[in-house]
Amino acid sequence: MDVQNGGKTVCIPLAEIEKYYRFSRCCHWLQNEIMQKESSPLFAADIITELKRQFAFLSGGRGQDGSPIIIFPEFPSFCELGDQEFRNVLTYLTSIPSLSAAGAGFIVVIDRRRDRWTCLKATLLRISGWFPANLRLVLVLRPSAILQRTLSDVFFKLHRDDFKVPVLMLSSVVDLHFYIERSQLTQELGGSQYYCHKTWISHRTDLESFAALVKRMAQRLQVFGREMAETELPNNLLTAGNLLNAHTSRKDSLKEEITGAHSQGRKLLENIREPVRRDPDSSLNPDQLENLATVHRLLSQLNESSTAFDEFWIQHQNKLELCLKLCQFEHSFQQLQTELEQATETLNAFSDVGISPAQTEHLLQELTNHEKTVCEVLDRVRSVVAEGQGLIDSSQNVDDSVAVKCSELQKAREHLIQELKDKKTMLTQAMELHRRLEMVCKWCDDGIYMLASQPLDKCQSQEGAESALSELEFYLETANEKQLWEISTVWLEYESILNNELREHVKRAFEKKASLQEMFERRRVSLKKLAAKQTRPVQPVAPRPESLSSPAHRDHESICISEDSDGRVSCKEVSFDQVDRSSRNPSVSEEEETLAVLRRHVMNELLETERAYVEELMCVLQGYAAEMDNPSMATLIPAALQNKKDVLFGNMQEIYNFHKRIFLKELETYTDCPELVGRCFLNWMRELQIYEKYCHNKPRSESLWRQCSDCAFFQECQKKLEHKLGLDSYLLKPVQRITKYQLLLKEMIKYSKGCEGSVELQAALSSILGILKAVNDSMHLIAITGYEGNLGDLGRLLMQGSFSVWAEHKRGHVKVIELARFKPMQRHLFLHEKALLFCKRREESGEGYEKAPSYSFKQELSMAAIGITETAKGDSKKFEIWSRSRDEVYTVQAVSEEVKTIWVTEIQKLLTGQLEAYKEARQQKAPEQFTSETSSTNRLVKNESSNLRSGGAEKQKTEEERGKELENILEPGMTQRAKGSSFSFETKPKRQDIRSDPTPLGWTKGSLSLDASVEHDGYFSAEEQVTSDPEEEKEDKLCEDELQSMKIQEEIQLSEETEDPEE
């Protein structure tokens, strides 16, 4: 019999069906037997209370014709019994004998020897009125008292017809023995039968309990058997395993219950046989024999049902186990198919053989690592094929699909082995080719260096030329020793692995070789010519004047004096023709060729390291980052590392995508023109700023790494990648790479002076250094703590550095110098486009990036409200920064004059930009707005001017005149700045003549501050310092106190006029 199961055909043998039907019949018979025994709806346990009263009982005796005997013993309170209680007991008692015994009719024995007639009459009327079975005869032992006996005889005759059953009145037990043998009567009735009512009740409850247990067992066996027979075979491994486990568990549970039922039945048999065991001469009464036979029959049928169940279970278990094996095979087949496809796809990804030895070696290493995984898959394929073959051989119930799938797996295995072998051979050939090309390139490079290292001045002599020629020819012979082969050989031997890139690489190598051989040939020809000339060296002594002045001598000879590389002076005789054909021009061309070779060297290093860098990033992302999302590795990841991939790796994926897809390809386009590679850096400089984000995250990444560096996850990933270094070394690669660029650019600039792309190279180097500086500055910036605002709102960070700072504050009308005036505060300054931050540097602690300092925010000065004095008195390394109202003055001391000059210049640029922006905005204002602003400005100028005059009368001016005055004040500074000079004036105005600037930013004459300075000299310019008049400095010193008081009056007056609404 065949059953379809999820595409698989499982054959169910007829033997299993036959076992099921046999088992089902056994269960049916067992239930029928029990149902016969349970024809009465009552059980002893249900009426145990009524039975214990013992007003009637079934002694087990039989009449002469086998009729069961029910005895009603002396029971004075019989009349008080309820009808339901009476009926329940009689119904139960009449249901106990077998059907054949009950069919003969019951004999009822009523013992009323000690009772009265009235009670006897009531008992007879109740029995005759309702008896649940066939009542054959009622035997009555009448009252033994004389009066009651007489009354019984009289009234019985009178009421005989009232009793609808045959009744015999007996005077004594002797008369009773006439109708029933003594062996069938209890001892109370003069018989020899032993009867214990308590034991009888116990046997009846045990028997009925055992029958109920067997009934439940029969029902459960039948239900479970039908469920097993009707079970639909599962189509997946998990369901099949669960089904087999569930059925096995249920089978074991049923077997335990069957074993318990057998134990209970055997114990019941022992209890029934107890009288015989206690008295071997005694025998069991008919009821006990019937009970014994019933228990034997139930046990026998239970054993038969259990045996049939076991046989059916074996068939069913074999079927499920076969289904499980097929599901296991199907699951393994599908899983292996997926793994084989993945392995094939991975092998197909090795189509590239690499364009460099490092890349090819890396690919070969990756292939070797992948080979281990492939070998594991192939071993599993072999195991699954063997398992499928075993299923086919061991069972006839398996269809041909298993054999087909085994064949598919075997073919896929052989194909994968061949693919792996081909890929390995291909990469091995590529590696061999790269090594041979490296040998060619190294031979060429060494030859070029040898040519460049030959001193041309020494080659002018015959001995030197012969030595150089010998060296040259000796080096050419090494080409044969190293077996340098021709390009035609390469095309033949490596045709199968040569792609376009590799072909170009081979062509360049052999072009380089041909170029070098050409250079060698030219040099050899030149050296042979020089060696053939018989030149005579001249002693290094001064010639006689007359010989130098001889016209004939000058016509034919000339003395050439040269200085060699060691600084020694030598002389040689050459003719004028030789001078004209000197080796200077060939030397120049050879020097250019040498520089070109060096540029190619730098370019090759840039490309090789770039490719290696991209490969390393890919290894980290695939070997570590991707594994963090692998469910099979989840158990190895510690809690501290959960969901922290972005913290650990930062934006490495973004960096990899940029270099892999864009930057590497762009660099390769400059292979033949390395001097122009600066353009590539300039074109992609904006994208290279992604390294700032990576460096910002580096402290968090390193801290997380130190917490989890010893976890099993990192160790397992490193083991799979076969890396000698840990992940932390590879996380440092991006930082090292952005630093490496500036070193390579410097080398390229060194060998590209005067070339076409030298300007772009220098610009690229400056941009890269700018990125490094920005990264360094931002690393300090993120260490600021305590700043409540948003640092991004302050604009771009321009500079940062540590300084010694003195602070001076004006409170009220008194100047207050802080206690730290003579002991400077150590502050770290951060110069933004919109603000200047003062921070305190904290002690360094921790390791690695955590060792970087932190900065506590202390003070913020808006660039829109400060001024600067370029030179502070007493130290050329000091300069001053002050607020617009000069309430706060900060004297800043740099570590050197160079640092001070850089900072002052940068601040000057910011403030100059603010002034120019203001001038441009004011020129764009509408005429009516300009008139309104001029009016308010003139009022401010008027107020300040009147306060500066000591007791003079105020002179009113029109708004137009005051506006022209302000233009005259601002215009000279703008004119000078347009010419690239500073805001310096030939004659410095007196402090009384300085007026407050009406502009919102507060620019003043001679200073790029937001308010006029009335206390300090030396206001800065954009490019150079302001020169001051010594006499004016002396005058300023003498009237310092007076000016201070004047300034206080100024501020008071301004405050009053501002509050006056009429103004």
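Just need a number here: residues in the stretch 150-173 that are farther than 14 Å from Thr118 by Cβ and either crowded, with 16+ Cβ neighbours inside 10 Å or at pLDDT 90 or above (or both). Qualifying residue count, the stretch 150-173: 5. Has the stretch 726-737 got any residue that is more than 27 Å from the chain's Cα centre (by Cα) and either of a type in the set (A, V, I, L, M) or part of a strand (DSSP E or B) (or both)? Checking the stretch 726-737: not a single residue is more than 27 Å from the chain's Cα centre (by Cα) and either of a type in the set (A, V, I, L, M) or part of a strand (DSSP E or B) (or both).
Within the stretch 250-277, no residue that is within 12 Å of Leu302 (Cα to Cα) and free of Cβ contacts under 8 Å to residues at least 24 places away in the same chain sits with its Cβ atom under 8 Å from a residue that is among the aromatic types (Phe, Trp, Tyr) and open to solvent by less than 30 Å² (accessible area, probe 1.4 Å) at 6+ positions apart or across chains.
Number of residues in the stretch 108-134 that are under 17 Å from Met169 (Cα atoms) and either out of contact with any Asp or Glu (no Cβ under 9 Å at 6 or more places or on another chain) or aromatic (Phe, Trp, Tyr) (or both): the value is 10. Glu808: at pLDDT below 90, under 23 Å from Ile881 (Cα atoms) and surrounded by 14 or more Cβ atoms within 10 Å (Cβ to Cβ), yes or no? Against the criterion (at pLDDT below 90, under 23 Å from Ile881 (Cα atoms) and surrounded by 14 or more Cβ atoms within 10 Å (Cβ to Cβ)), Glu808 qualifies. Answer yes or no as to whether Ser100 is modelled with pLDDT under 90 and either under 15 Å from Ala56 (Cα atoms) or surrounded by fewer than 18 Cβ atoms within 10 Å (Cβ to Cβ) (or both). In short, yes. The combined condition, being open to solvent by 20 Å² or more (accessible area, probe 1.4 Å) and not aromatic (Phe, Trp, Tyr), is not fulfilled by Lys698. Being exposed (fewer than 14 other Cβ atoms within 10 Å of the Cβ) and touching a helix residue (DSSP H, G or I) at 6+ places or on another chain (Cβ under 7 Å) holds for only one residue in Ala640, Ala634, and it is Ala640. Regarding the stretch 212-227, can at least one residue be identified that is surrounded by fewer than 18 Cβ atoms within 10 Å (Cβ to Cβ), assigned to a helix (DSSP H, G or I) and aliphatic (A, V, I, L, M)? Looking for residues that are surrounded by fewer than 18 Cβ atoms within 10 Å (Cβ to Cβ), assigned to a helix (DSSP H, G or I) and aliphatic (A, V, I, L, M), one finds at least one in the stretch 212-227, hence yes.
Within the group Ser332, Ser300, Ser283, which residue is in contact (Cβ under 8 Å) with a residue 40 or more places away in the chain and either surrounded by 15 or more Cβ atoms within 10 Å (Cβ to Cβ) or more than 30 Å from the chain's Cα centre (by Cα) (or both)? Being in contact (Cβ under 8 Å) with a residue 40 or more places away in the chain and either surrounded by 15 or more Cβ atoms within 10 Å (Cβ to Cβ) or more than 30 Å from the chain's Cα centre (by Cα) (or both) holds for just one of Ser332, Ser300, Ser283, which is Ser332. Within the stretch 108-125, does at least one residue satisfy the condition of being touching a Gly at 6+ places or on another chain (Cβ under 8 Å) and either at pLDDT below 85 or surrounded by 16 or more Cβ atoms within 10 Å (Cβ to Cβ) (or both)? Taking every residue of the stretch 108-125 in turn, none turns out to be touching a Gly at 6+ places or on another chain (Cβ under 8 Å) and either at pLDDT below 85 or surrounded by 16 or more Cβ atoms within 10 Å (Cβ to Cβ) (or both).
Right, Arg116: of a type outside the set (A, V, I, L, M) and within 60 Å of the chain's Cα centre (by Cα) or not? No, not satisfied.
Considering the stretch 343-354, the residues that are open to solvent by 20 Å² or more (accessible area, probe 1.4 Å) and over 25 Å from Gln389 (Cβ atoms) include one that is nearest to the chain's Cα centre (by Cα), namely Thr346.
Table: residues versus (1) more than 21 Å from Glu341 (Cβ to Cβ); (2) at pLDDT 80 or above.
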| residue | (1), (2) |
| --- | --- |
| Ser401 | no, yes |
| Val404 | no, yes |
| Arg413 | no, yes |
| Leu420 | no, yes |
| Thr428 | yes, yes |
| Met439 | yes, yes |
| Leu451 | yes, no |
| Ala468 | yes, yes |
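What about Leu648, is it more than 24 Å from Gly770 (Cβ to Cβ), open to solvent by 50 Å² or more (accessible area, probe 1.4 Å) and touching a residue at least 60 places away in the same chain (Cβ under 8 Å)? No, not satisfied. Taken residue by residue, the stretch 708-721 has no member that is exposed (fewer than 15 other Cβ atoms within 10 Å of the Cβ), assigned to a helix (DSSP H, G or I), more than 26 Å from the chain's Cα centre (by Cα) and among the hydrophobic types (A, V, I, L, M, F, W, C). When Glu256 is tested against (1) crowded, with 18+ Cβ neighbours inside 10 Å; (2) farther than 30 Å from Gly191 by Cα; (3) modelled with pLDDT of 85 or more; (4) not polar (S, T, N, Q), exactly one condition is not met: (1).
The values are calculated or read from the model by the stated rules, or taken from the named source; none is laboratory data. Predicted, not measured: the structure shown is a model, and the values here were computed from it. Methodologically, a virtual Cβ is constructed for each residue, glycine included, from the backbone with ideal geometry; neighbour enumeration extends over all protein chains shown. Areas reflect the complete protein model, heavy atoms only, side chains present, ligands, DNA and RNA absent. Shrake-Rupley method; radii C 1.70, N 1.55, O 1.52, S 1.80 Å.
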